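The values are calculated or read from the model by the stated rules, or taken from the named source; none is laboratory data. Quick caveat, the model's predicted, so the values are computed rather than measured. Please note: Cβ atoms are built from the backbone with ideal geometry, for glycine as well, and neighbour counts cover all protein chains shown. With ligands, DNA and RNA removed, areas are computed over all heavy atoms of the protein, side chains included. Shrake-Rupley method; radii C 1.70, N 1.55, O 1.52, S 1.80 Å.
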Amino acid sequence: MVWLLSSILQSVTAHASFSFLPPDGDTIAPMFDHLYEFMVIICSIASILVIGGMIYFALKYRRRPGQKSAYITHNTMLEFLWSFIPFVLFMVAFAWGWYVYFHMRTVPKKHFEVNVIAQQWLWSFEYNSGRIEARNLYVPVNTPIELIMTSKDVIHSFFVPAFRQKQDVVPGTYTYTWFDATHVGTYDLFCTQFCGVGHSSMLGKVHVLTKVAFDHWLEANPNKGLTPVEIGHKIYEQRCSVCHNITTQPKIGPGWAHLYGSMVQLQGQPPHRADANYIRTHILTPARYTVKGFPKGVMPSFQGQLTETQINGIIAFIKSLK
């Protein structure tokens, strides 16, 4: 019955989709859209009947001088219909919603896994091949993708509007979601759980590639042909730009311009020269140093997330900003 209603609504709305919904990008989105459109139509009809009826009766049976309305007891058929019809519609919506939710939460047996790590204020994606990407999730088209997610600090929420997928990412445990992208393209990724001062900057992209292009991307060396400064600039844009400027102006953290070689004022510690060891320590174990004037414990650790080549690239990039 649910499948029949879904098919009927799909044929009705095929040439007139609701413009307030973003274009669908995976197999679940059309199922979700048809249910949502059904609910909008039913609620709109119910609102018109209730409010229209209220206005009609208010005008028809309004008090007039010298006129008394007839006393009406009840109408058994009418009372039955206004109870039975909403009950049937409610059960249809319940069954249809369960049908969609079941498909949203049931991962196909043959799927491609990607580990997702959320932290303030960054998405990181780890592939079984060992490749790690920040802010950008690359997946092949027409392939079920399971995302196994956890958080390093607070609760975040993974949301791709085009896929109609939203899943909380909780520290200390694993949650999951899945999708099967049907169109090659780029889709917006958001965090929809307020997670601190940089929440609005916790953005990302989902890049859906052809299977041939994805295989080539997965095997390619992302740093091939880049100088250390270029590698550092790339890492900055992916992981550091939310909290740091490349000017002297502070953001959530201090600016990087003219940082290398300067004396940094620390909280509760004597000044420290910002040399290569200082920058490396601040990347891997940031709790060791807190720059004066900035909140303690905000800087996340990138231990295990960056290779030596990437760390050296960040140091070279900061050097270039002198």
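Data table
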item	result
Qualifying residue in the stretch 288-310 (condition: assigned to a helix (DSSP H, G or I), closer than 19 Å to Asp153 by Cα and not aliphatic (A, V, I, L, M))	yes
Unique match (being within 17 Å of the chain's Cα centre (by Cα) and farther than 30 Å from Gln303 by Cβ) among Pro86, Pro161	Pro161
Test for Gly253: is it among the small types (Gly, Ala, Ser), closer than 24 Å to Trp123 by Cβ and open to solvent by less than 40 Å² (accessible area, probe 1.4 Å)	yes
Checking Lys234 against (1) open to solvent by 50 Å² or more (accessible area, probe 1.4 Å); (2) in a loop (DSSP other than H, G, I, E, B), the condition it does not meet	(2)
Members of the stretch 263-279 found to be open to solvent by 80 Å² or more (accessible area, probe 1.4 Å) and either touching a helix residue (DSSP H, G or I) at 6+ places or on another chain (Cβ under 9 Å) or without any contact (Cβ under 8 Å) to a residue 12 or more places away in the chain (or both), listed by number	Met263, Pro270, Asn277
Residue among Phe87, Phe159, Phe102, Phe163 that is in contact with a Phe, Trp or Tyr (Cβ under 8 Å, 6 or more places away or on another chain), open to solvent by 40 Å² or more (accessible area, probe 1.4 Å) and under 30 Å from Glu37 (Cα atoms)	Phe159
Among the residues listed as Ile283, Ile246, the single one being within 29 Å of Arg131 (Cα to Cα), open to solvent by 30 Å² or more (accessible area, probe 1.4 Å) and at pLDDT 80 or above	Ile246
Breaking point among (1) touching a Ser or Thr at 6+ places or on another chain (Cβ under 6 Å); (2) open to solvent by 30 Å² or more (accessible area, probe 1.4 Å), for Pro222	(1)
Within the stretch 124-145, considering residues that are open to solvent by less than 30 Å² (accessible area, probe 1.4 Å), at pLDDT 90 or above and not aliphatic (A, V, I, L, M), the one farthest from Glu219 (Cα to Cα)	Pro144
Among residues of the stretch 179-219, those that are farther than 19 Å from Glu113 by Cβ, open to solvent by 30 Å² or more (accessible area, probe 1.4 Å) and not in a strand (DSSP E or B), counted	14
